Amino acid sequence: MTPLTKILNSLSQGSTDSVQSGQSFGELDRYLHIQRSHIENALCSRMDDIINQGGGIILLVGSAGDGKSHLISSVRNIDKYKDTFRFYNDATESYSPSRTAIDTLREVLEDFSDTNIDNTSTKLVLAINIGKLNAFIEDVSVKTQYSKLVEFTQPLFSEDTNKITETSRMRIVQFMNLQIFEFNKEDSGTYPVDSYFFKEFLLRITRPDIANPYYKAYKESIPLDASRTDPVVLNYQLLCLEAVQTTIINCIIEAIIRFRLMVTPRDFQDFIYSILVYEDLENYTDDKHFLEALLPSMLYNGRRSKIQRSIAMLDPLKYSNTEHDEQLAALFTSPEIPQNYLDEELITSTSPLLVGKIRAMCNNNRKNIMRTTQFLFRLKHLLSYHSESREYIGFLNSIRGFFNENGQEVQRVYQMVSTVIPRHYGSYYSPEKTVPLNIQGSHHRLFAGIQLVPDSYSSIYESSNEFALTMTLRWRVLSEVVPLRIDYQLFEYLTCLYNGRLSLNFESTKNMAFSHFVRRLVSLSNSSDEVIVMTSENRKYILSKQFGVINYREC
């Protein structure tokens, strides 16, 4: 194990160094600590309030691995807090084997029971996962003894968390509302997203400074014999390229938005380890593992971390288009790397031997041309990020339009939804002022009349890293307002329908939010009095009921 592999191992989920106790920072922790100023300032502000009040509790609520313990380690040794506050981290404290976690929490929070909370002088920061907090407040005895605390936290588990009301004795800092990346609504580019946290972390790892322990370990691990290959060293050299870092960051953000990937700082550290250190490193040989052990392969085809598994769905090899087909054909038929296919000068700037090793592999590996073709294709995409999903690019543009209250973009989304409502049930007939009934056959389509008027819309954007990736549209029907909240998954579905794709039967069940929206419209239509029937020959009939008599006429 080289010094570089050894220090990178500390980033792995399997390393004991990956879990913070909340007590103190180690040397690497201090070096890698990235101040998330927004949430640190929020915590310190509330701690100051509790000091001024004379006592109280601050709940630091989030999910496993999101940095609660790291944050506690950062603030607990600040002079004005270290002798004033108690800090309790529910994820790392030891428990008696004869007691449950709820029993332990009940004891820790005794000073904040209904009897004591208004008079206590205890000042406590409690870091707790949202699931454990829910289990705690659902306990029958807790509801009795800690009803004030239960009532205070209850809105966390409702749809509208904005109704949380802090008191002089009970404060809360939430990780759930913060994004790990930024959305710059003023950016007019194709990808108005970035991540200070990811970018700064990668810079800490790769900064060419001997004071950087990772760079120091890298320098100590470079093989003296140029004929020897250390894939970890080659991967570190690739990671030092700004273009590679940009691709990694953008791929993670795309996976977060498109696949609902949840990423915590701990997940990201483990991911970096997983794309730098080959899983079967102790059995590594150039002949068998060279291409598979390099960063492009482990990024797009890895399975060790959950981030890798999500990014694998962005593997450019899985997206077919004319440009991809031409590139793959050129690679597959060429006896060497095609001229100007890669920016070899860029790669050589940090990894002088890599291109030569890849070229030698290509020249002598015609029997495994599939491996080299796939690797070179992935490497090219690694050096120049772009999304293969038009729906993803469209979503970024639309959500930016909503954040900026761009009427033209808002109108376009309203029009798209109105157009695809009948297509949700497989109908391309779309009579004006109608809503489709979920009774659609091959020869007849049924509709009901409705007066559907676009109403107000909304989105949530507090700051570049505090926003919701949803847009809410509303329509007025008679005296009622019917909302539709669109996230990426629904936007992708609606966009595909709008662009002409046929809806399959199971998709109306899969997209329950949209199905519920359409059913709500149907309930507000005049379907009980009149039904419009469209035939496959575009003939229109109206069935109406008056005085209990069914009338039938062609229009």
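The values are calculated or read from the model by the stated rules, or taken from the named source; none is laboratory data. Predicted model, so just to flag it, every value in this text is computed and none were measured. Heads up, the Cβs are rebuilt from the backbone with ideal geometry, glycines too, and the neighbour counts pull from every protein chain shown. Note: areas computed on protein heavy atoms with side chains; ligands, DNA, RNA excluded. Shrake-Rupley method; radii C 1.70, N 1.55, O 1.52, S 1.80 Å.
Within the stretch 289-307, restricting attention to residues that are farther than 19 Å from residue 241 by Cα and among the polar types (S, T, N, Q), which residue is least open to solvent (accessible area, probe 1.4 Å)? Walk me through how you get there before you give the answer.
Initially, the stretch 289-307 is screened for residues farther than 19 Å from residue 241 by Cα, giving 289-290, 292, 301-307.
Filter once more, keeping what is among the polar types (S, T, N, Q): 301, 305.
Working: 301: 85, 305: 5 Å².
Only one residue tops the list, namely 305.
Each residue in the stretch 509-555 was checked for being hydroxyl-bearing (Ser, Thr, Tyr), open to solvent by 70 Å² or more (accessible area, probe 1.4 Å) and closer than 22 Å to residue 426 by Cα, and 2 of them qualify. Only one of the numbered conditions (1) within 20 Å of residue 8 (Cβ to Cβ); (2) modelled with pLDDT of 95 or more; (3) open to solvent by 30 Å² or more (accessible area, probe 1.4 Å) is not met by residue 246, and that is (1).
What about residue 157, is it in contact with a helix residue (DSSP H, G or I) (Cβ under 8 Å, 6 or more places away or on another chain) and touching a residue at least 24 places away in the same chain (Cβ under 8 Å)? Can you show your working first?
Values: in contact with a helix residue (DSSP H, G or I) (Cβ under 8 Å, 6 or more places away or on another chain): yes; touching a residue at least 24 places away in the same chain (Cβ under 8 Å): no.
It is false that residue 157 is in contact with a helix residue (DSSP H, G or I) (Cβ under 8 Å, 6 or more places away or on another chain) and touching a residue at least 24 places away in the same chain (Cβ under 8 Å).
Based on this model, can you work out whether residue 105 counts as over 30 Å from residue 202 (Cβ atoms) and either buried (at least 18 other Cβ atoms within 10 Å of the Cβ) or modelled with pLDDT of 95 or more (or both)? The answer is yes for residue 105. In the set (1) modelled with pLDDT of 95 or more; (2) over 19 Å from residue 501 (Cα atoms); (3) open to solvent by less than 30 Å² (accessible area, probe 1.4 Å), residue 406 fails one condition alone, (3). Helices (runs of 4 or more DSSP H) fully within the stretch 30-87 that include at least 3 residues being touching a residue at least 12 places away in the same chain (Cβ under 8 Å): 37-53, 68-75.
For the stretch 1-31, enumerate the residues that are open to solvent by less than 20 Å² (accessible area, probe 1.4 Å) and either of a type in the set (A, V, I, L, M) or at pLDDT 85 or above (or both).
Within the stretch 1-31, the subset open to solvent by less than 20 Å² (accessible area, probe 1.4 Å) is 4-5, 8, 10-12, 15, 18, 22.
If the condition is that a residue be open to solvent by less than 20 Å² (accessible area, probe 1.4 Å) and either of a type in the set (A, V, I, L, M) or at pLDDT 85 or above (or both), then 4, 5, 8, 10, 11, 12 are the ones that fit.
Filtered by the rule that a residue be open to solvent by less than 30 Å² (accessible area, probe 1.4 Å) and touching a Lys or Arg at 6+ places or on another chain (Cβ under 8 Å), the stretch 474-494 gives 482, 484, 488. Condition check for residue 370 on (1) open to solvent by less than 50 Å² (accessible area, probe 1.4 Å); (2) more than 26 Å from residue 223 (Cβ to Cβ); (3) not small (Gly, Ala, Ser): one failure, at (1).
Test residue 175 against the stated conditions and say whether it is under 21 Å from residue 104 (Cβ atoms), of a type in the set (Phe, Trp, Tyr) and crowded, with 19+ Cβ neighbours inside 10 Å. Considered against the rule, which asks whether it is under 21 Å from residue 104 (Cβ atoms), of a type in the set (Phe, Trp, Tyr) and crowded, with 19+ Cβ neighbours inside 10 Å, residue 175 comes out as no. So which residues in the stretch 333-358 are assigned to a helix (DSSP H, G or I) and open to solvent by 50 Å² or more (accessible area, probe 1.4 Å), if there are any at all? Matches in the stretch 333-358: 333, 344, 345, 346, 348, 349. At least 1 residues being hydrophobic (A, V, I, L, M, F, W, C) is the threshold, and among the strands (runs of 3 or more DSSP E) wholly inside the stretch 449-555 those reaching it are 453-458, 471-477, 480-486, 530-535, 540-546, 549-554.
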